[in-house]
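Accompanying notes for the structure given below.
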Amino acid sequence: MTSRFCSLRLAGLLALSLPVLIAADRAYAQESVKDANAQYRKAFDALAQKKWPEARRLLLALWGQSHTWDVAAGLGQAEFLLENRAAGATYTAFAVANVPPRENTKTVERLRAALNEMREAVGTVRVVVNKDGAEIVVEQQVVGSSPLTREIYLNPGRRLLEARLANGGHGQQTLEVQAGKSYRVALIVEPPPSEPGPSSRAVSSNSAPTSAMPPAPPADQRGTSRTWTPVFITGGLALAAAAVGTGFAIDAQSAKNDGEKALSNAEAEFGSNPCTPAKGGGSELCQSVNELQDRRKSSNTAATASFIAGGVFALAAVGSYFLWAKPSSTRLDAWLVPSGGGFHVTGSF
């Protein structure tokens, strides 16, 4: 696919999607509703007339006020058709990831198709760093911080990717990026010269760094909020199991007390070992003694099972806290190169 054919196809795909993005009730905090709507309509008109620089200028101003999916969709088209391929893919990826569920499914399909076309013109990179909180820098521009969950899109060519810590720690790698290829980069941040620590290398497994990127937030802002639902569910089940176990334990003790009383009455009437067949085994009193003993055994068994289940649910509640309530607290990174390999675990326990 030639570059011109790709651009024309993308223009068609996005031109079909963008009319539904124009909303008459758009508003921004820094401008009046009327002025914001007017600027948005001007940007759309510029896109429709293929005035890419003008559309880009207007949309960047709106983007600076609010990072919304529809503005990102327009910016993705303008940037890509201005030959800023990586920037166009980044904005379009943000739009795809943040389209509200209520939007027309055809709009989402066209945006996804446009993004797939754009990916054929850029390199797609996943970056992992052995230290959390490191700035990830591409061609001297910060694109995010570790752990970085989104993909980075890079223009083809030789690119430098770095990870920088506030204390001076640094790691970097250079790679020749090819269009349409996917890469994974593992950056190992070296400690600053004043701090002792093991030597560090920037390592790639079929990996690559990146070209300059737009100041866009992560491509997917969903799924980062903490959820306590699994903790509440498993914790509630633990409490319920404990309550049930306590109830059965009380019933077992009651059956024990009643059984001892009934047995005492049977001994007073029939003598020692009163419930043997030769004595009062068939009497109503001995039947009551046997029933109470059976009830005590079954209640003890149920109480034990309930307490065990409560313990399991309590452990599950603790595990749920670390797995869901703190989704980014633990991470394992591993790398392998001809000179050696290793792994790095970060998180709180």
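At-a-glance table
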| item | result |
| --- | --- |
| Which listed residue is outside the structural domain of Gly319 (by TED's automatic domain parsing), out of contact with any strand residue (DSSP E or B) (no Cβ under 8 Å at 6 or more places or on another chain), modelled with pLDDT under 50 and farther than 29 Å from Thr124 by Cβ, from Pro198, Pro191 | Pro198 |
| Residues that are of a type in the set (Ser, Thr, Tyr) and modelled with pLDDT under 80, drawn from segment 277-314 | Ser283 |
| So Arg102, is it of a type in the set (Lys, Arg) and assigned by TED's automatic domain parsing to the domain that holds Val185 | no |
| Residue under evaluation Ala268, criteria (1) without any contact (Cβ under 8 Å) to a residue 40 or more places away in the chain; (2) hydrophobic (A, V, I, L, M, F, W, C); (3) surrounded by 13 or more Cβ atoms within 10 Å (Cβ to Cβ), criterion not met | (3) |
| Filtered residue count, segment 107-154, keeping only those that are over 22 Å from Glu176 (Cα atoms) and without any contact (Cβ under 8 Å) to a residue 12 or more places away in the chain | 1 |
| Residues of segment 269-296 classified as touching a helix residue (DSSP H, G or I) at 6+ places or on another chain (Cβ under 7 Å) and either aliphatic (A, V, I, L, M) or within 30 Å of Thr246 (Cβ to Cβ) (or both), total | 7 |
| Selected residue [in a helix (DSSP H, G or I), closer than 23 Å to Asn300 by Cβ and either in the same structural domain as Ser146 (by TED's automatic domain parsing) or at pLDDT below 85 (or both)] from Ala262, Ala268, Ala242 | Ala262 |
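The values are calculated or read from the model by the stated rules, or taken from the named source; none is laboratory data. Please read all numbers here as calculations on a predicted model, not as lab measurements. Here the Cβ is made from the backbone with ideal geometry for all residues, glycine too, and neighbour counts use every protein chain on show.
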